[in-house]
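Read through the structure below, which is laid out as structure tokens, and then see the notes.
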Amino acid sequence: MAAEDLPSEFDVVILGTGLAESVVAAACSRVGQRVLHLDRKSYYAANWASFTFNGLLTWIQQHHEESQPEEVQDWSSLLREGEELIYLSTSDSASISNLQVFCYKSEEDEEEEAQSPDPPNTTEEETAADDEDAIKETPETETADSKDEETKEKPEESADEEETGQASHLEGEEPKADKPCPSTAQSQSEATRKKISYAQLVKEGRRFNIDLVSKLMYSRGSLVDLLIKSNVSRYAEFKNVTRILTYRHGNVEQVPCSRADVFASRQLSVVEKRKLMRFLTSCLEETEEQQAYNGRPYLEYLRDQQLGDNLQHFLLHSIAMVTEDTPTEVGLTSTRHFLRCLGRYGNTPFLFPVYGLGEIPQCFCRMCAVFGGIYCLRHSVHCLLVDKDTNRCKAVIDSRGQRISCSHFVVEDSYVAGDRKKVATPTRFLSRAILITDASVLPSDSDQQVSMVTVPPIAAGSPAVKMVELCPSTMTCMPGTYLVHLTCQSVGSAFEDLSPVVTRMFHTPESHDQEKCPSVLWCLYFNMADGSEVEVEGHDLPSNIYLCSGPDGGLGHDHAIRQAELIFQKILPEDDFCPPAPNPEDIIYDGENTSPSAGEEERGGTEERQEGEEEEEEEEEEKQNLQTEE
């Protein structure tokens with residue numbers, strides 16, 4: 001929507017299009033609130049965004065350039081009696097730092113290198129320059145907006161199939177992955193064997209959807225429950241994560257976590273299989289023996305259960321996904337959550353959205369827009385107008401100087417100036433690495449593997465790393481490549497934290513004796529602010545201003561969904577959070593009116609209403625069955 005057309009009054013104004021903000025926008029709009037949703041960036045989802053390869057190069061270039069601070073304008077002329085101004089921050093560049101890019105050429109690419117006038121190098125500065133050249137030479141340079149245009153080609157192919165298919169994908173059916181992807185393992189293996197150059201990555205850049213944040217969706221997690229409850233699941237497709245892997249003794253091994261995996265495992269003896277099944281069964285119920293270990297390390301509890309080193313490793317690092325000094329009660333809670341998510345949609349607890357995690361905030365934005373929410377990108381709020389007597393925000397002033405009245409204001413924390421914090425706490429960071437590789441870390445007969453890999457600390461003082469490997473059928477990378485995300489809590493820079501893991505598990509110029517490992521074609525390291533450390537209540541702000549934090553370091557989405565629900569309850573304590581949206585086919589239109597009169601409904605709409613009620617009852621019964629299915 002054009003900025004000059006904005007109405008002057010809303011119930012809720014939201015600044016930032018991250019996951020929590022987008023969920024709040026959808027929930028408020030769904031119950032009839034007038035919502036204005038703004039973002040100063042040119043793409044949706046902020047630090048939750050997904051980019052094409054060329055779009056990511058543009059994003060990198062923008063962060064390498066020194067951003068000029070915006071001139072703070074004086075809006076005091078718009079003040080009325082009894083009001084005061086609160087200015088918002090004009091930059092959020094502090095949330096991303098230490099960007100380093102490496103592009104590794106294939107050894108057998110000498111002919112292409114000779115023809116290329118300016119091949120990319122492996123140093124940070126020179127690679128950044130090459131990225132810039134590639135951007136200038138590529139006409140279809142994109143941001144997430146252009147990626148949206150590509151993803152919108154899906155409904156054009158078969159709108160009806162998408163509407164019926166996408167909802168069923170979240171209800172247990174494996175989504176079809178045969179659209180632009182190779183359909184056979186043979187074609188994928190041929191593509192894998194072929195060496196891929198940097199020029200090809202740029203040329204095929206639209207086939208990539210690269211997430212800034214790396215997470216998975218627990219099948220019984222709060223995000224999946226919300227997607228089903230609200231019917232937002234119809235806007236996206238999902239794939240099962242097919243296997244859980246771990247890195248141990250220099251090798252990548254598959255973790256047996258479901259009953260089928262345990263009995264099919266060749267890594268465990270018959271005795272170990274029985275012990276593991278007995279332990280997993282006992283974990284589901286809380287016992288006095290378990291309570292006796294409260295406050296003691298989970299590893300100690302596992303040892304006392306007479307579990308060998310193999311089982312201790314799998315349970316600690318890959319099932320509970322905790323550290324050796326994690327308290328037993330926390331480890332057992334994590335183990336139970338993992339086990340309860342098994343079997344709902346597949347042999348692992350996790351789902352991943354096709355086209356990347358950046359789709360999820362956009363799905364909630366779409367729901368908000370369907371119910372009347374207004375969106376405006378490349379548009380911001382410069383300051384707030386606060387009533388001195390009530391200490392409530394009465395209005396905002398946008399980047400064009402328009403005064404917009406509102407009852408509530410929701411904002412991502414990076415927009416709030418640091419002097420508004422009651423207690424100055426140092427920001428904690430996450431270390432991130434994004435790799436494009438030419439093969440899987442654990443090759444198999446199938447080319448459709450989506451893998452969750454746990455990497456325990458490789459040295460004293462180093463962090464545990466969570467790694468997600470995505471195949472082309474997730475629509476996040478081109479055929480013949482894999483997209484690998486690594487995440488850990490920051491100890492140093494992202495390169496310092498994660499490059500030792502990369503050089504051990506992948507083939508790079510710095511690797512030693514790793515020729516059989518997948519080769520890294522391109523790599524990005526960066527640090528991102530950890531949203532779980534943000535004190536959203538610890539700011540000196542009016543009572544009707546609500547803060548959302550950015551992505552946290554957890555594997556799931558519980559932190560963001562919990563934030564969104566708490567904010568919604570403060571705004572509208574009497575309303576249901578994200579009630580189900582009606583299916584389009586259930587809405588009856590009569591001429592220009594969206595609801596027919598009572599007499600017309602009785603005469604003409606009885607049959608449709610009865611059919612609609614029957615369909616609703618069937619769908620509700622289906623959902624209840626799914627939620628209790630083991």
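Among the listed pairs K239/K466; K229/K466; K41/K388; K41/K239; K215/K516, which have their C-alpha atoms separated by more than 26 angstrom in this model? Listed pairs above 26 Å: K229/K466; K41/K388; K41/K239; K215/K516.
What the range 288-418 shows is 35 Å² of accessible area per residue, with the surface traced by a 1.4 Å probe over protein heavy atoms. Across the range 496-503, rounded Karplus estimates of 3J(HN,Hα) from the backbone phi angles (6.51 cos²θ - 1.76 cosθ + 1.60, θ = phi - 60°) give 5, 6, 10, 4, x, 5, 4, 5 Hz, Gly and Pro being marked x.
Residue separation of L79 and M277 scaled by 0.36 nm, minus their Cα-Cα distance, works out to 64.5 nm of gained length. Overall shape: oblate for the range 475-526, with the ratio a/c of the largest to smallest alpha carbon gyration tensor axis at 1.5 or above and b/c at least equal to a/b. Ordering of 405-416, 383-394 by packing is 405-416, 383-394, highest average first (other Cβ atoms within 10 Å, averaged per residue).
The shape of the range 216-296 comes out oblate: with a ≥ b ≥ c from the C-alpha gyration tensor, a/c is at least 1.5 while a/b does not beat b/c.
Per-residue packing, averaged as other Cβ atoms within 10 Å, sorts the ranges 456-469, 330-343 into the order 330-343, 456-469, beginning with the highest. To put it simply, the accessible area of the range 241-352 at a 1.4 Å probe is 47 percent carbon and sulfur. Here the range 419-575 exposes an accessible surface that is 50 percent carbon and sulfur, computed with a 1.4 Å probe and the other protein chains kept in place.
The values are calculated or read from the model by the stated rules, or taken from the named source; none is laboratory data. Worth saying up front: this structure is predicted, and the values here are computed from it rather than measured. Counting neighbours? That spans all protein chains shown, and the Cβs are built from the backbone with ideal geometry, glycine included. Areas reflect the complete protein model, heavy atoms only, side chains present, ligands, DNA and RNA absent. Shrake-Rupley method; radii C 1.70, N 1.55, O 1.52, S 1.80 Å.
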